[in-house]
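Just below is one structure, and these are the notes that go with it.
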Amino acid sequence: MSYPIRPTEPVEREVMRMWWDDLTFLHWPYEPDEVQRLLPDGLEVDTWTDEDGNEAVWVGLVPFLMRVGIPGGRQMPARIGVFPETNVRTYVKGPNGTPGVWFCSLEAGALPATATARLTYGLPYFWATMNIDQGTAETGSTWGYTSTRRWPTPAGATHRSRVEVGEPIAPDDVTPFEHYLTNRWGLYSRFPGMNARRGTNVYAPVDHGPWPLRRGVLLDLDDQLMTAAGLSAPVGDPVVHWTTGTEVRIGRPRLARNA
């Protein structure tokens with residue numbers, strides 16, 4: 001199998017620009033039927049079949065530092081445009097087969113960003129108290145992320161993880177499976193409501209730079225976000241990547257149609 005390593009629909013007229021920095025990808029495999037039941041009609045899980053013929057859909061737990069800009073590239077003031085974020089995401093195909101990402105939930109450490117994203121993109125954002133413990137000369141390559149959900153309900157879901165950053169992966173050595181996990185050239189949501197059973201499927205193209213990926217090791221995890229999203233608790237060790245991040249450009253959303 002393979003997954004496109006470049007944008008399938010380059011964003012020519014962005015409506016939002018952002019930078020996802022100091023980011024950890026934690027991925028676990030799930031049975032396709034379990035994830036499919038969380039999706040609205042018209043979207044199907046985008047599965048990956050490994051070399052042994054095992055098929056699974058992968059779910060990512062992705063904490064990072066968000067920096068928000070405006071179209072054209074100017075960054076917003078730090079007090080409103082820089083905050084931690086943690087996503088629970090999976091991979092889907094739309095009515096016409098276009099692959100993209102489906103966000104089961106998104107925690108954000110900024111209330112204005114939470115409200116704006118819920119209203120404009122129909123994304124299930126939650127306001128949370130969050131912190132990133134950066135790797136330093138004292139802590140070396142260990143990064144920590146914490147989150148406690150505040151609004152809207154259900155409040156109280158928490159996340160704590162600690163990751164050790166490993167060796168870099170040369171661009172030519174990034175595998176097709178790693179492209180499948182990290183390169184997503186579109187996003188799906190429900191608008192105007194976040195509930196998967198109400199509203200209309202919406203698609204927005206995504207254009208981002210290459211991820212400078214590194215291997216990683218999960219040292220500690222105490223997470224309630226996956227189960228709060230309606231998934232069973234992940235089993236086994238995740239596939240772990242860490243990256244300094246990249247620039248992300250979001251295009252105008254449109255109805256997700258069959259053609």
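The values are calculated or read from the model by the stated rules, or taken from the named source; none is laboratory data. Computed from a predicted model, the values in this text were never measured in an experiment. Note that we place each Cβ from the backbone using ideal geometry, even for glycine, and neighbour counts take in every protein chain shown.
What are the residues in the range 165-209 that are over 18 Å from G60 (Cβ atoms), among the polar types (S, T, N, Q) and at pLDDT 95 or above, if any? Answer for the range 165-209, where residues must be over 18 Å from G60 (Cβ atoms), among the polar types (S, T, N, Q) and at pLDDT 95 or above: there is none.
Can you go through F83, F64 and tell me which one is among the hydrophobic types (A, V, I, L, M, F, W, C) and in contact with a Gly (Cβ under 6 Å, 6 or more places away or on another chain)?
Values: F64 fails: in contact with a Gly (Cβ under 6 Å, 6 or more places away or on another chain).
Going through F83, F64 in turn, the sole match is F83.
From the list W143, W58, W102, pick out the single residue that is of a type in the set (A, V, I, L, M, F, W, C), surrounded by 16 or more Cβ atoms within 10 Å (Cβ to Cβ), touching a Gly at 6+ places or on another chain (Cβ under 7 Å) and in contact (Cβ under 8 Å) with a residue 12 or more places away in the chain. Spell out the reasoning first.
Working: W58 fails: touching a Gly at 6+ places or on another chain (Cβ under 7 Å); W102 fails: touching a Gly at 6+ places or on another chain (Cβ under 7 Å).
On inspection, the qualifying residue turns out to be W143.
Would you say T227 is of a type in the set (S, T, Y) and out of contact with any helix residue (DSSP H, G or I) (no Cβ under 9 Å at 6 or more places or on another chain)? Yes, satisfied.
Sub-9 Å Cβ pairs linking a first residue in the range 239-259 that is over 30 Å from R74 (Cα atoms) to a second residue that is assigned to a strand (DSSP E or B) and of a type in the set (D, E, K, R), at least 6 apart or interchain, are V240/E164; V240/R215, ordered by first then second residue. K93 meets each of the listed conditions (1) touching a Phe, Trp or Tyr at 6+ places or on another chain (Cβ under 8 Å); (2) of a type outside the set (V, I, T); (3) modelled with pLDDT of 95 or more apart from (1).
When we screen T175, T148, T153 for residues that are among the hydroxyl-bearing types (S, T, Y), closer than 21 Å to D46 by Cα and free of Cβ contacts under 8 Å to residues at least 24 places away in the same chain, the only hit is T175.
Each row is one residue, and each column tells you yes or no for (1) closer than 22 Å to T244 by Cβ; (2) among the basic types (K, R); (3) part of a loop (DSSP other than H, G, I, E, B).
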position: R79; (1), (2), (3): no, yes, no
position: P84; (1), (2), (3): yes, no, no
position: V92; (1), (2), (3): no, no, no
position: N96; (1), (2), (3): no, no, yes
position: A115; (1), (2), (3): no, no, no
position: G122; (1), (2), (3): no, no, yes
position: M130; (1), (2), (3): yes, no, no
